[in-house]
Amino acid sequence: MTSWEIFLQQLFNGLLVGSFYGLVAIGYSMVYGIIKLLNFAHADIYMCGAFSGLIILGFLNPYVGNEWLGIIIALLLSMVLVGLLGVVIQRVAYRPMLKAPRLSILITALAVSMILYNTVLLMTQGQYKPFTTGLTHESFYIGALRMTETRMVLLLAALVLMFLLHMFITRTMYGKAMRAIALDRDTCQLMGVNVYMIIAITFFVGSALAAAAGIMAGVYYGTVHFFMGFLIGLKAFTAAVIGGIGIIPGAMLGGLLLGLLEAFGTQIPFIGSSWRDVFTFVFLILFLIFKPNGLLGRIESERM
Amino acid sequence: MAEIKNNSQKNTPVGMIVEQLYLFFDNKVPRYLVMSAMTAFLIYLPLSSSRFTQEIMANLFFYVVVCLGLNIIVGFAGLLHLGYAAFFAVGAYTTGILSSVYGVNFWLTLPFSIIAAVIAGLAIGAPTLRLRGDYLAIVTLGFGEIIRLTVRNLEITGGAIGLIGIQRPVLFGVVLNQITHFYYLFFILAIIAIFVSYRLHDSRLGRAWEYIREDEDAASAMGINVVSTRLYAFIIGSAFGALAGSLYAAKMTAISPESFMFIHSVMILLAVVLGGMGKIPGVILGAVIVTLIPELSRDIGQFRLIIFAVLLLILMLYRPQGIWPERQGISTKL
Amino acid sequence: MALLEIKDLTLRFGGLCAVNKLSLEIEEGSIRSLIGPNGAGKTCVFNCLTGFYKPSDGDMIFMGESLVKRKPHIITYKGMARTFQNLRLFQQMTVFENVMSGMHCRSSAGFIGAVLRTGSQKLEEKKIREVAEECLDFVGILDKKYYMAKNLPYGDQRRVEWARALATQPKLLLLDEPAAGLNKEEKSRLIDLMRRIRDERKITIFLIEHDMGLVMKVSEKIFVIDYGVKIAEGEAKEVQDNPRVIEAYLGKEEEEDAV
């Protein structure tokens, strides 16, 4: 391959992986924005999304002839199911803790994460599960770029989801209420905003997007396992920080940037793929040092 | 302002017993009596017990040390640390490399182990603690993973296999290679850890941590440098962990990346939270629970972690201050 | 030279201007007040002075040094202490421990001192306790030193805040609405206490207050701000008769007629 071809290939890979990061990062960012919680369980929700997609697909496959139709149904169903899971978690574990000290709610989030993670670990006995879809992985070329149908559709789907979310946030009352709650929860309550409802919707949307990312990652990599959320959780958090935590377009941007950075970073000699995750993490630390508010973040002065 | 409810313990019978115990121990004389009786018993124990018991007890003392170390960060300073096992690994590998590769005497590796932990603590803590406290949680989580990957990828750390042939420490001409030796070694270490914890708690530094935990803005208005005081806690706690890691390496003589998985960090954190963050007897109690319960209930195996996680969740929802009661009303201490 | 000099202090939040080109001077040994209607930007001025807000423009010179870009703890160390409008005590700690916090910036023991209890550390601890007790005695609640802060009545909690601020051994004391929520008798004791702080401890006082009566009694000079702009300054009588002040507090006459 010429260096131009490598460049194009990595650009595409980076955008694709980055769009997964972005979808997960949005959930982190939304929840952080609205209730200032680092939702550790979010990474496990992503993992649950992948497994729920796999199970639903297993049910559907005999009945649905078209592979794409099957995946789309599984995707939508899982998004709803996992979205509801997010709402339930929020109701049981986070809502009673909203007024508790910061440390307590972080530990609750950690506990929820452990419960989800270990449950799936027990159910799958720690095995990798193949994510069989029946989709073709036949490659064709667009110019110098080697492509498969699957990858193209995945990237497209991710971008469509991001666009829909953007419309939801900017064009509806819910989006406005979300931003208002992020600014001042108590005042919103006084103004008659159903704060708990909006928080629940936030969890629903964030979890649904994570589930979508989980299924897409399953289709992309071909396997799923209980541990798949851990690293992507860290990376999505990094992406959220890069874009400016709490800022939704920032999370998308951060995800895409991080994906590109990894794709090109692993091309640098001495870094290679075994150091890829270390590289991401060092990048996070550097970002926290030099641009802690993120690319799109503003310096906010908190009122006393 | 968020106020922690602390009268819930009065409603349950267990709570009442604990309350009575607490009042009993608040009095100096019985406290010293019980403490010396316990110390005497623990000194005597290896003379009349099996290797297995000694092994468990040594493990328990070890956990007490690690938990008290993490308690400085989580309990005293109120910072969530999710990668404590990584600092543990920093200590263990520093000792391991110096000892097995360069043949340095075990005791001489300890200062290096502390230095390594301080450097790692500064690298992680300094950029993060300037920002919101909760960024630290995810950065330490990441750091735990990075250390594990790094020791896997490097040659000097023995890759995935790890290091073997770490020298046994020698004390007064005796090579420490029996479980009884380590029993006493860890026992002494646990006592030192308890002593240091109490001294720190009742000092200017300990009070500063408490002020920051209570109200960050008021603390800084009182002239406390919030960032550096937190960083101080983070580094002291990390050094504690590294020292424990060094001793672990000496006891096992072989270490591998899998000894320092995320789950160990979680178990240590669990012990601290369970017993009661910031309360030294509570943390010791937490360490006892976390080390002894798995020993008593090996059959449930995989379910253990789920049960622990559910327990943690319930605890946070209904009794966030942990098992050990909060001090309240008029305090006669000081 | 004035102890504190504020020059063209400006603070903007987004498009909103909370403090606009405010200039004032506070002479050593005086009691000065800053008054103004609700939302006039009084607390913002305090937050700028103590380093909690970064002013957008202007300068603040305290004892010959600029306070701009200084962190809150450095400013306290330099000799400026404050109380908060809505009490910010360390709720779960005793009164005594609360007041001891003030001495933090005047002491230095670290890890070694704490663990080994060295001679200098013991001496320092003794000093911290002495100062804390003396400050509690000064405000008159020494008998409650072992109470949990949260269990005290409101008036006493206020005094703990005062003692805590005094324990930092300041040159200038900033009081944010010290009389809020106090009854008449407590207010008169408060005035007495402020005078004692100034006369016995030689501490300059700068306060924000709503209660005009109290302000008129206690301070020699008053600054009035409205919408972040200084509209008047001078002695109580002058300020009271100033038409702009009356307008700020009561609204314009024509407007009232129109209603």
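The values are calculated or read from the model by the stated rules, or taken from the named source; none is laboratory data. For clarity, every value in this text was computed on a predicted model and none was experimentally measured. Note that we place each Cβ from the backbone using ideal geometry, even for glycine, and neighbour counts take in every protein chain shown. The accessibility values were calculated without ligands, DNA or RNA, using every heavy atom of the protein model including side chains. Shrake-Rupley method; radii C 1.70, N 1.55, O 1.52, S 1.80 Å.
Would region B:168-185 turn up any residue that is out of contact with any Lys or Arg (no Cβ under 6 Å at 6 or more places or on another chain), within 14 Å of chain A (Cβ to nearest Cβ) and part of a helix (DSSP H, G or I)? Talk me through it step by step, then tell me what you get.
Residues of region B:168-185 out of contact with any Lys or Arg (no Cβ under 6 Å at 6 or more places or on another chain): B:168-174, B:178, B:180-181, B:183-185.
Checking which are within 14 Å of chain A (Cβ to nearest Cβ) leaves us with none.
So far as region B:168-185 goes, no, none of its residues is out of contact with any Lys or Arg (no Cβ under 6 Å at 6 or more places or on another chain), within 14 Å of chain A (Cβ to nearest Cβ) and part of a helix (DSSP H, G or I).
Does C:Leu49 satisfy the criteria of being touching a Phe, Trp or Tyr at 6+ places or on another chain (Cβ under 6 Å) and in contact (Cβ under 8 Å) with a residue 60 or more places away in the chain?
Details: touching a Phe, Trp or Tyr at 6+ places or on another chain (Cβ under 6 Å): no; in contact (Cβ under 8 Å) with a residue 60 or more places away in the chain: yes.
Here the answer is no, as C:Leu49 does not meet what is asked.
Looking at C:Ala180, is it among the small types (Gly, Ala, Ser), more than 30 Å from C:Gly15 (Cα to Cα) and in a helix (DSSP H, G or I)? Please lay out each step first, then the result.
On the way: among the small types (Gly, Ala, Ser): yes; more than 30 Å from C:Gly15 (Cα to Cα): yes; in a helix (DSSP H, G or I): no.
No.
For B:Leu122, are the conditions met, namely being in a helix (DSSP H, G or I), more than 22 Å from B:Asn105 (Cα to Cα), more than 11 Å from chain A (Cβ to nearest Cβ) and open to solvent by 20 Å² or more (accessible area, probe 1.4 Å)? Spell out how you get there, then give the answer.
Working: in a helix (DSSP H, G or I): yes; more than 22 Å from B:Asn105 (Cα to Cα): yes; more than 11 Å from chain A (Cβ to nearest Cβ): yes; open to solvent by 20 Å² or more (accessible area, probe 1.4 Å): yes.
Considered against the rule, which asks whether it is in a helix (DSSP H, G or I), more than 22 Å from B:Asn105 (Cα to Cα), more than 11 Å from chain A (Cβ to nearest Cβ) and open to solvent by 20 Å² or more (accessible area, probe 1.4 Å), B:Leu122 comes out as yes.
Quick one: is B:Gly144 under 23 Å from the mean Cα position of the chain (by Cα), in a loop (DSSP other than H, G, I, E, B) and at pLDDT below 85? Don't jump to the end; show me each part of the working.
Values: under 23 Å from the mean Cα position of the chain (by Cα): yes; in a loop (DSSP other than H, G, I, E, B): no; at pLDDT below 85: yes.
Criteria not met by B:Gly144.
Scan B:Val196, B:Val272 and give me the residue that is part of a helix (DSSP H, G or I), open to solvent by less than 40 Å² (accessible area, probe 1.4 Å) and away from chain C (no Cβ under 11 Å).
On the way: B:Val196 fails: away from chain C (no Cβ under 11 Å).
None of the others qualify; the one that does is B:Val272.
Taking the residues in region C:120-161 that are facing chain B (nearest Cβ under 10 Å) and of a type in the set (Asp, Glu) as candidates, determine which candidate is least open to solvent (accessible area, probe 1.4 Å).
So the first thing to find is which residues in region C:120-161 are facing chain B (nearest Cβ under 10 Å), and the list is C:121, C:124-125, C:128-129, C:144-151, C:161.
Of the ones still in play, those that are also of a type in the set (Asp, Glu) are C:124-125, C:161.
Working: C:Glu124: 38, C:Glu125: 23, C:Glu161: 2 Å².
Here the answer is C:Glu161.
Any idea which residue in region C:94-109 is farthest from the other protein chains (Cβ to nearest Cβ), counting only those that are open to solvent by less than 20 Å² (accessible area, probe 1.4 Å) and more than 12 Å from C:Thr168 (Cα to Cα)?
Here the residue is C:Val95.
Say whether the condition of being touching a Phe, Trp or Tyr at 6+ places or on another chain (Cβ under 8 Å), farther than 30 Å from C:Glu133 by Cβ and either in a strand (DSSP E or B) or not assigned by TED's automatic domain parsing to the domain that holds C:Glu247 (or both) is met by at least one residue in region C:34-46.
Yes; the residues of region C:34-46 include at least one that is touching a Phe, Trp or Tyr at 6+ places or on another chain (Cβ under 8 Å), farther than 30 Å from C:Glu133 by Cβ and either in a strand (DSSP E or B) or not assigned by TED's automatic domain parsing to the domain that holds C:Glu247 (or both).
When you scan region C:72-82, how many residues do you find that are more than 9 Å from every other protein chain (Cβ to nearest Cβ) and either small (Gly, Ala, Ser) or open to solvent by less than 20 Å² (accessible area, probe 1.4 Å) (or both)? It would help to see each step written out before you state the result.
Just the residues of region C:72-82 that are more than 9 Å from every other protein chain (Cβ to nearest Cβ), to begin with: C:78-80.
Filter again for either small (Gly, Ala, Ser) or open to solvent by less than 20 Å² (accessible area, probe 1.4 Å) (or both), leaving C:79-80.
Qualifying residue count for the region: 2.
What do you reckon, is A:Leu106 closer than 30 Å to B:Met316 by Cβ, part of a helix (DSSP H, G or I) and in contact (Cβ under 8 Å) with a residue 12 or more places away in the chain?
Numbers: closer than 30 Å to B:Met316 by Cβ: yes; part of a helix (DSSP H, G or I): yes; in contact (Cβ under 8 Å) with a residue 12 or more places away in the chain: yes.
Considered against the rule, which asks whether it is closer than 30 Å to B:Met316 by Cβ, part of a helix (DSSP H, G or I) and in contact (Cβ under 8 Å) with a residue 12 or more places away in the chain, A:Leu106 comes out as yes.
Out of all the residues in region B:151-171, which are surrounded by 13 or more Cβ atoms within 10 Å (Cβ to Cβ) and under 27 Å from B:Phe182 (Cα atoms)?
The answer is B:Val151, B:Thr157, B:Gly158, B:Gly162, B:Leu163, B:Ile164, B:Ile166, B:Gln167, B:Arg168, B:Pro169, B:Val170, B:Leu171.
In region C:52-71, what residues are open to solvent by less than 20 Å² (accessible area, probe 1.4 Å) and not aliphatic (A, V, I, L, M)? Talk me through it step by step, then tell me what you get.
From region C:52-71, those open to solvent by less than 20 Å² (accessible area, probe 1.4 Å) are C:53, C:60, C:62, C:67; that's our starting set.
The answer is C:Tyr53, C:Phe62.
Six or more apart or on different chains, Cβ under 9 Å: which pairs go from a residue in region A:144-171 that's part of a helix (DSSP H, G or I) to one that's among the charged types (D, E, K, R)? Could you list them?
Sorted first by the residue in region A:144-171, then by its partner, the pairs are A:Glu149/A:Glu138; A:Ile169/A:Lys176; A:Ile169/A:Arg179; A:Thr170/A:Lys176.
Among A:Ala111, A:Ala100, A:Ala50, A:Ala43, which is the only one that is within 14 Å of another protein chain (Cβ to nearest Cβ) and in contact (Cβ under 8 Å) with a residue 40 or more places away in the chain? Explain how you work it out, then say what you get.
On the way: A:Ala111 fails: in contact (Cβ under 8 Å) with a residue 40 or more places away in the chain; A:Ala100 fails: in contact (Cβ under 8 Å) with a residue 40 or more places away in the chain; A:Ala50 fails: within 14 Å of another protein chain (Cβ to nearest Cβ).
Criteria check complete, one pass: A:Ala43.
I'd like to verify a number: residues in region B:275-285 that are farther than 14 Å from B:Pro320 by Cβ and either open to solvent by less than 10 Å² (accessible area, probe 1.4 Å) or among the hydroxyl-bearing types (Ser, Thr, Tyr) (or both), how many? Break it down into steps so the answer makes sense when it comes.
Let us first name the residues in region B:275-285 that are farther than 14 Å from B:Pro320 by Cβ, namely B:280-281, B:283-285.
Applying the additional criterion that residues be either open to solvent by less than 10 Å² (accessible area, probe 1.4 Å) or among the hydroxyl-bearing types (Ser, Thr, Tyr) (or both) yields B:280, B:283.
So the count comes out to 2.
Keeping to region C:188-228, report how many residues are assigned to a helix (DSSP H, G or I), surrounded by fewer than 18 Cβ atoms within 10 Å (Cβ to Cβ) and more than 15 Å from the chain's Cα centre (by Cα).
Result for region C:188-228: 11.
Suppose the filter is open to solvent by 10 Å² or more (accessible area, probe 1.4 Å) and either within 18 Å of the chain's Cα centre (by Cα) or within 12 Å of another protein chain (Cβ to nearest Cβ) (or both); does C:Gly14 pass it? Don't jump to the end; show me each part of the working.
Values: open to solvent by 10 Å² or more (accessible area, probe 1.4 Å): yes; either within 18 Å of the chain's Cα centre (by Cα) or within 12 Å of another protein chain (Cβ to nearest Cβ) (or both): yes.
So C:Gly14 passes the test.
Say whether the condition of being in contact with a Leu (Cβ under 7 Å, 6 or more places away or on another chain) and either open to solvent by less than 30 Å² (accessible area, probe 1.4 Å) or at pLDDT 95 or above (or both) is met by at least one residue in region A:55-64. First the steps, then the outcome.
Keep residues of region A:55-64 that are in contact with a Leu (Cβ under 7 Å, 6 or more places away or on another chain), which gives A:56.
Adding the requirement that they be either open to solvent by less than 30 Å² (accessible area, probe 1.4 Å) or at pLDDT 95 or above (or both) leaves A:56.
Yes: one or more hits.
Filter region C:83-93 for residues that are open to solvent by less than 20 Å² (accessible area, probe 1.4 Å) and over 16 Å from C:Ala179 (Cβ atoms); which is nearest to the other protein chains (Cβ to nearest Cβ)?
Among them, the one singled out is C:Phe90.
Among the residues of region C:17-26, how many are more than 17 Å from C:Asp226 (Cα to Cα) and either outside the structural domain of C:Ile222 (by TED's automatic domain parsing) or crowded, with 19+ Cβ neighbours inside 10 Å (or both)? If you could, list the steps in order and put the result at the bottom.
Our first condition is that a residue be more than 17 Å from C:Asp226 (Cα to Cα); within region C:17-26, this holds for C:25-26.
Subset that is either outside the structural domain of C:Ile222 (by TED's automatic domain parsing) or crowded, with 19+ Cβ neighbours inside 10 Å (or both): C:26.
Residues in region C:17-26 being more than 17 Å from C:Asp226 (Cα to Cα) and either outside the structural domain of C:Ile222 (by TED's automatic domain parsing) or crowded, with 19+ Cβ neighbours inside 10 Å (or both): 1 in total.
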